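The values are calculated or read from the model by the stated rules, or taken from the named source; none is laboratory data. Please read these numbers as outputs of a predicted model, since none were measured by experiment. Cβ coordinates were reconstructed from backbone atoms using ideal geometry, including for glycine residues, and neighbour counts include every protein chain displayed. Note: accessible area is taken over every heavy atom of the protein model, side chains too, but ligands, DNA and RNA are not part of it. Shrake-Rupley method; radii C 1.70, N 1.55, O 1.52, S 1.80 Å.
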Amino acid sequence: FCTERGLEINYYLDKATDLWSALQEMENVGRGKVILKGTKFSAICDRPSTPIQLFTVGNIIRDTFTEQFLPLKDRANAIEVTFTNKDKDYQRDVLMVYDDEYDSSDRVKNPTQVTFDGITSVAQAYKEAKYRLRLNKYLIRTCSFEASVDAIACQVGDVILVQHDVPQWGYGGRILGVEDNNTVILDQEVELEANQEYSILIRLGDTDQIVQKTI
């Protein structure tokens with residue numbers, strides 16, 4: 001993933017430090033985070049992947065779902081990147097990058113500063129700044145919920161699917177039974193409009209596999 005996008009680190013560790021601190025200085029260049037899995041260091045990366053688990057009102061603990069919208073006024077719409085420029089004999093350089101709507105938007109101009117130890121080219125510094133500006137633009141809300149231990153088969157960094165009635169993300173629940181291998185009995189009535197195509201996502205209990213069928 002990093003090779004395809006030209007993400008590389010040029011880093012010289014010349015100070016005494018612990019491994020955790022050293023890895024944290026490097027993780028941002030790979031668009032990821034270093035995490036601990038037991039006694040070993042591992043990493044997660046912000047990249048496209050297939051959802052591995054489905055959470056619905058059927059396995060989310062009741063009254064624990066919350067949704068939070070992030071304010072736009074405090075978001076950065078310009079980033080000042082400080083990096084070591086190999087084309088200037090590895091001297092510190094500063095690059096200012098603006099989002100696509102910086103001049104046309106009515107939002108207050110709100111620049112921020114970031115420093116990348118390990119980026120040595122203008123091209124990669126520019127790409128990293130644009131990536132973070134897109135995060136500011138498209139990450140507009142978060143949600144949280146609780147589930148029983150036996151309902152959680154994912155870990156930090158995994159992509160999951162979420163259904164809930166509060167934000168009206170589809171219908172969710174449990175399957176009460178199956179008839180003729182092509183009919184499922186739901187635990188509630190669901191209204192289907194004519195001439196509309198619907199699909200159902202089912203999490204298999206024995207393998208946790210997510211299956212999608214058109215209905």
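When only alpha carbons are used to place a centre, segment 37-69 and segment 129-153 end up 8 Å from one another.
Qualifying chymotrypsin sites (Phe, Trp or Tyr not before Pro) in segment 30-120, where qualification requires a DSSP coil assignment and no more than 16 other C-beta atoms within 10 Å, comprise Y90, Y102. State the percent of C-alpha pairs, over all pairs in segment 102-176, separated by a distance greater than 16 angstrom. Here the long-distance tail beyond 16 Å is 73 percent of all Cα pairs in segment 102-176. Solvent-accessible surface of protein heavy atoms, probed at 1.4 angstrom with all chains present, puts S148, S42 in the order S148, S42, largest first. Of the whole protein surface, L19 contributes about 100 Å² of accessible area at a 1.4 Å probe radius. For a test of the definition: using alpha carbon positions, the gyration tensor, and the 1.5 limit on a/c, classify segment 1-71 as rounded, prolate or oblate. Verdict is prolate for segment 1-71.
As a length-normalised measure over Cα pairs under 8 Å and 6 or more apart, the relative contact order of the chain settles at 23 percent. Whats the longest run of the chain with zero GluC sites (Glu not before Pro) that are DSSP loop and have at most 16 other Cβ atoms within 10 Å? Between the exposed loop sites, the longest stretch runs 9-100. Sparse packing (at most 14 other Cβ atoms within 10 Å of the Cβ) combined with a DSSP loop state is found for the following trypsin sites (Lys or Arg not before Pro) in segment 1-88: R5, K15, R62, K73.
Using a Gaussian network model of the chain in which every pair of alpha carbons under 10 angstrom is joined by a spring, one finds that among G177, G118, G157 the greatest mean-square fluctuation is at G177. The candidates T214, T142, arranged from most to least accessible area with a 1.4 Å probe in the full protein assembly, appear as T214, T142. When the Gaussian network model of the chain links Cα atoms closer than 10 Å, the mean-square fluctuations of D74, D99, D158 top out at D74.
For segment 76-199, the antiparallel share of DSSP beta bridges with both residues in that region comes to about 70%. Of the residues T183, T66, Y98, the one whose Cα sits farthest towards the positive end of the charge dipole of the chain is Y98 (charges of +1 on Lys and Arg Cβ, -1 on Asp and Glu Cβ, taken about the Cα centre).
From the Kirkwood radius over Cα pairs of the chain, Stokes-Einstein at 37 °C and 0.692 mPa s returns a whole-number translational diffusion coefficient of 154 µm²/s.
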